[in-house]
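Below: the structure, in structure tokens.
The values are calculated or read from the model by the stated rules, or taken from the named source; none is laboratory data. Quick caveat, the model's predicted, so the values are computed rather than measured. Here the Cβ is made from the backbone with ideal geometry for all residues, glycine too, and neighbour counts use every protein chain on show. All accessible areas refer to the heavy atoms of the entire protein, side chains included, with ligands and DNA or RNA removed. Shrake-Rupley method; radii C 1.70, N 1.55, O 1.52, S 1.80 Å.
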Amino acid sequence: MILDYKKLWGDALVDIELNVSKANFGTWFKNTNISKQELGIVYLNVPNTFVKEWLANKYHKFIIKSLRDLHPEIRGVEYLISRTDEPGKEKRESGFEKPAYTEQLAMQELYINKEDNLNPRYLFESFVVGPFNELAHAAAHAVARKLGSLYNPLYIYGGTGLGKTHLTQAIGNYLKHLGGNKKVYYVTSERFMIDYVNSVQNNRANVFKEKYRKYDVLIMDDVQFLSEKEKTQEELFHLFNNFYDNNKQIIFSSDKPPKHISGIEERLRSRLEGGMIVDVNKPDYESRLAILQAKVKLGNVAVSDEILGYIANIIQDNIRELEGALNSIVCQSYLKKREPTIAEVKQLIKNNIKPKKMVSIKDVAVVVAEFYNIEEQMLYEKTRKKEVVKPRQVIMYLLREDFNTSYPYIGQKLGGRDHTTVIHAYEKIKNDLKTNTLLVREVEQIRALLYRE
Ligand code: ADP
Ligand code: MG
């Protein structure tokens, strides 16, 4: 099939335009073109990851349908980030238009090495250490430096999205960068099982055995999936013994400690328990904030401390969700060419988080009064003493920003004040937050108290 790509895409766009709002069309489809076509797959050049994700998630159906209507042989569409933006064109106007971070990471995702399955972005350097994971980190680091002899196996467990895959792969990447001749291999236990089952079905069990025995370091992720898989467990048992006897390192991750995985044979369980077992917990507030700050720094993107603090307060259980929220905010900033407001941020991450406990106006007043060490009652009185005015303004700000409460209602609840007073208070705090880092810290801490677990 020989196609004029320019014409093909042009025709497709005419059709797509009918299905997409003007604003969206302009945003997502400009600077796109077809770069090639192979075996029925059309490769679409897009300017960056945001566009890529957006097209793939929201418009893929339209795109493929439009192309297929023109050429039924087309089977699929792949999105490629093109680096060929014409210089001078499409001037970047602000920091928000520079999605280097996500782009860079997404590019790297593509480069997962087929030889060892390691994702190059999982490094010790990019792993933030805090009280919640310092033990696991220390153990992983120690194992990386003293393979096979120190803790064998190393067994890291903890809830989902808490960094187990990142940390165990960091060991592998560390060894790779060291440049020795250790052969590292990362495999999920499910993959391992599939490999095994296939090998048996194809009468190639020996090839399977040989393949795994040639590695020096084996990282097996999510070993809990081997529950009830007796044959695969048996295979792993023998493999483990082979590694152990040869001082070769095995690293396991799991969502629970060995003794809590049901359907595991006793002898394998005792192997899993035979080395070092460490857990990763849920990150505390400071660690969550540190992780966000690290990602912002790494990506060289602009997100205010207020927003970072807000996300760190709201998303408490899962670092993957923390990253997801940050990405959607960066994306939103990029799209709107300004930072989203807290209300918008709230909306953005609404679907990601568990519903929070209900917080009433009274709760906010109590927490703020306590924080600034004043009588709650004074907040409702007419007094204009400095030590009361500021806390009152902070309450008004929070009620408006985080709860979208109407100005008149806030005024009414805080001692029958006029709505213009509330507007003024809101704007004042909002403005001060741009320059006053002490105030940023205070608001952060108040939010932590309000939304704490
Ligand atoms: P798990 O395997 O425990 O489900 P992952 O290792 O996949 O979790 O981590 C989820 C995401 O959070 C990954 O993108 C990872 O890079 C990131 N992450 C987890 N822990 C940390 C950390 N301590 N510092 C920085 N990023 C982290
Ligand atoms: Mg994992």
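Here are the numbers:
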{"read-out": "Fully extended contour minus Cα-Cα distance, from LYS362 to ASN281, at 0.36 nm per residue", "value": "25.9 nm"}
{"read-out": "Value in Å of the Kirkwood radius, where the chain supplies the Cα pairs that are averaged", "value": "25.8 Å"}
{"read-out": "Added length on full extension, which subtracts the Cα-Cα distance from 0.36 nm per residue, LYS382 to ASN198", "value": "58.5 nm"}
{"read-out": "Listed peptides 3-15, 231-243, 155-167 by packing density, highest first (mean Cβ within 10 Å)", "value": "155-167, 231-243, 3-15"}
{"read-out": "Heavy atoms of GLU53: accessible area, 1.4 Å probe, square angstrom to 10", "value": "90 Å²"}
{"read-out": "Helix-derived mean residue ellipticity, 222 nm - over the chain, DSSP H n ≥ 4, -39500 (n - 2.57), to 500", "value": "-17000 deg cm²/dmol"}
{"read-out": "Whole-percent carbon and sulfur share, accessible surface of the stretch 1-58, 1.4 Å", "value": "54 percent"}
{"read-out": "Distance in nm between pseudo-label sites at SER262 and LYS7 (7 Å out along the Cβ direction from Cα)", "value": "6.4 nm"}
{"read-out": "Euclidean distance between Cα centres, the stretch 255-334 to the stretch 164-193, Å", "value": "19 Å"}
{"read-out": "Segment ARG269-GLU210, length gained on full extension (0.36 nm per residue, minus Cα span)", "value": "18.9 nm"}
{"read-out": "Of LYS164/LYS259; LYS214/LYS297; LYS297/LYS390, pairs whose Cα-Cα distance is over 28 Å", "value": "LYS214/LYS297; LYS297/LYS390"}
{"read-out": "Accessible surface of ILE315 - all protein chains present, 1.4 Å probe, nearest 10 Å²", "value": "0 Å²"}
{"read-out": "For the stretch 269-322: rounded, prolate or oblate by the Cα gyration tensor [a/c cutoff 1.5]", "value": "prolate"}
{"read-out": "Global form of the stretch 293-402, assessed from the alpha-carbon gyration tensor, a/c cut-off 1.5", "value": "prolate"}
{"read-out": "Heavy-atom accessible area ranking, 1.4 Å probe, most first, across LYS434, LYS256", "value": "LYS434, LYS256"}
{"read-out": "Accessible area, probe 1.4 Å, largest first, for residues ILE446, ILE319", "value": "ILE319, ILE446"}
{"read-out": "Which of TYR79, TYR407 is most accessible, then next, and so on - probe 1.4 Å", "value": "TYR407, TYR79"}
{"read-out": "Carbon + sulfur, % of accessible area of the stretch 297-453 - ligands and nucleic acids excluded, 1.4 Å", "value": "51 percent"}
{"read-out": "DSSP-defined beta bridges in the chain - what % are antiparallel, rounded to 5", "value": "15 percent"}
{"read-out": "Accessible area per residue, Å², the chain with all protein chains present, probe 1.4 Å", "value": "51 Å²"}
{"read-out": "Label point 7 Å beyond Cα of PHE371 along Cβ direction - residues of the stretch 421-445 with amide nitrogen under 18 Å", "value": "425-445"}
